[in-house]
Amino acid sequence: MATGLLGRKVGMTQIYDQTGQAVPVTVIQAGPCHVLQIKTEARDGYEAVQLGYLDKPRRLASRSARGQVAKLDSKRQKRRAAAGVEAGPKPDCEPQRFIREFRVKPEGLQVGQQVKVDIFAEVKAVDVVGITKGRGFTGVMKRHNFAGQRASHGVKKVHRHAGSIGRNTDPGRVDKGTRMAGHYGNERCTIRNIKVARVDVENNLLLVHGAVPGPNGGYVIIRGTNKL
Amino acid sequence: MSRQILDLVEKSSIKPEQPIFSIGDTVDVHCRILEGDKERIQIFTGVVIARSGSGSREMFVVRRIVQGEGVERKFPVNSPRIAKIDVKRSGVVKRAKLYYLRDRSGKGVRLRERRVETK
């Protein structure tokens with residue numbers, strides 16, 4: 001399976017496939033991503049590849065973020081070098097805005113290498129992870145698709161309310177997990193098995209069928225799917 | 001920035017030669033129809049009463065009268081299934097959407113022809 005990639009949702013549009021059918025697609029600007037770090041079983045206890053997407057101006061990056069991508073001349077580093085601790089390799093790129101790890105085997109990847117959309121060129125479907133649009137405090141109709149109550153027949157002031165939230169004296173309490181109004185959205189959401197419509201390596205674009213969570217411009221994680 | 005990227009993506013779905021027709025034109029729309037492996041062209045003739053959308057999503061509505069009953073079909077301008085759009089006749093119209101034709105019948109449906117001067 002391919003490593004995965006980080007990107008940004010550009011927006012939705014429509015294209016025509018080979019049969020002339022109009023297909024709704026989401027355009028994702030995917031990569032290029034820098035390999036920032038490779039975690040190994042021996043050193044970190046698990047295997048993973050850390051990718052970074054989108055350069056961040058150095059003046060905005062914290063010292064630790066700068067130290068993550070390039071060697072800094074620091075007292076601590078000198079002390080560690082003197083003590084014989086070998087620092088891991090650095091990618092020598094700009095600090096990155098969006099950094100995530102992928103729990104896959106490195107498969108010949110090197111720190112500092114760039115990963116591009118061509119890894120999905122042969123892939124039929126992917127999983128896309130995003131942060132859904134925040135909707136704030138919402139009622140049960142919007143949040144849980146409750147039906148609400150009638151417009152008339154004696155219903156007063158509670159047209160968008162939930163009905164009963166439990167039983168009477170026994171059990172005498174509200175069940176745990178009862179769906180109620182509350183904060184909705186702004187949470188991580190994975191859409192699995194999205195068909196890949198097109199891969200444009202030249203412009204670093206990935207087109208997938210249908211919708212992807214989050215606003216336009218929101219960061220997304222794209223990885224190969226295990227649901228086929 | 002994002003608009004430019006979307007335009008770039010849509011460009012691949014837009015026909016290189018945009019068909020030229022306008023509201024009020026009587027057109028022949030040649031649609032490709034697949035029947036099994038065979039491809040056939042069907043022609044839908046009528047008056048263009050509306051255009052909507054932009055880029056690869058642009059659509060147009062053609063209205064015609066079939067056996068006294070008004071029939072409207074909405075087509076995507078850039079669909080590969082539309083082989084050709086022939087303009088048969090141009091009508092003089094004063095608005096972008098000719099929905100008022102729906103309320104008319106008989107002679108009222110006719111549009112005055114726009115004569116294009118040719119040198």
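The values are calculated or read from the model by the stated rules, or taken from the named source; none is laboratory data. In this text the structure is predicted, and so the values were computed from the model without any measurement. Reconstructed Cβ throughout: ideal geometry from the backbone, glycine too, with neighbour counts over all protein chains shown. Surface areas here come from the heavy atoms of the whole protein model, side chains and all, with no ligands, DNA or RNA. Shrake-Rupley method; radii C 1.70, N 1.55, O 1.52, S 1.80 Å.
For the reader, a short list of remarks on this structure follows.
- Helix B:2-11 axis, angle to chain B major axis (alpha carbon atoms, nearest 10°): 70
- Highest average packing first - B:33-40, B:6-13, B:97-104, Cβ atoms within 10 Å: B:6-13, B:97-104, B:33-40
- The range A:72-228, relative contact order in percent, only Cα pairs under 8 angstrom and at least six apart counted: 31
- Peptides B:63-70, A:180-187 ordered by packing proxy, namely the average of other Cβ atoms within 10 Å per residue, highest first: A:180-187, B:63-70.
- Rounded, prolate or oblate (a/c below 1.5 giving rounded, otherwise prolate when a/b exceeds b/c) for the protein assembly as shown by Cα gyration tensor: oblate
- Accessible surface of chain A, 1.4 Å probe, proportion on carbon and sulfur as whole %: 47
- Other protein chain C-beta atoms within 10 Å of residue C-beta, averaged over A:53-65: 0.
- Residue pairs exceeding 26 angstrom between C-alpha atoms, taken from B:K74/B:K94; B:K84/B:K107; A:K195/B:K74; B:K38/B:K84: B:K84/B:K107; A:K195/B:K74.
- Anisotropy class of the range A:140-180 from Cα gyration tensor, a/c 1.5 cut: oblate
- Mean separation of Cα contacts under 8 Å (6+ apart) over length of chain B, as relative contact order %: 27
- Partner chain coverage, peptide A:162-169 - average Cβ within 10 angstrom: 0
- Other protein chain C-beta atoms within 10 Å of residue C-beta, averaged over A:12-19: 5.
- Highest-first arrangement of B:82-92, A:110-120, A:7-17, A:150-160, where packing means the average Cβ count within 10 Å: A:7-17, A:110-120, B:82-92, A:150-160
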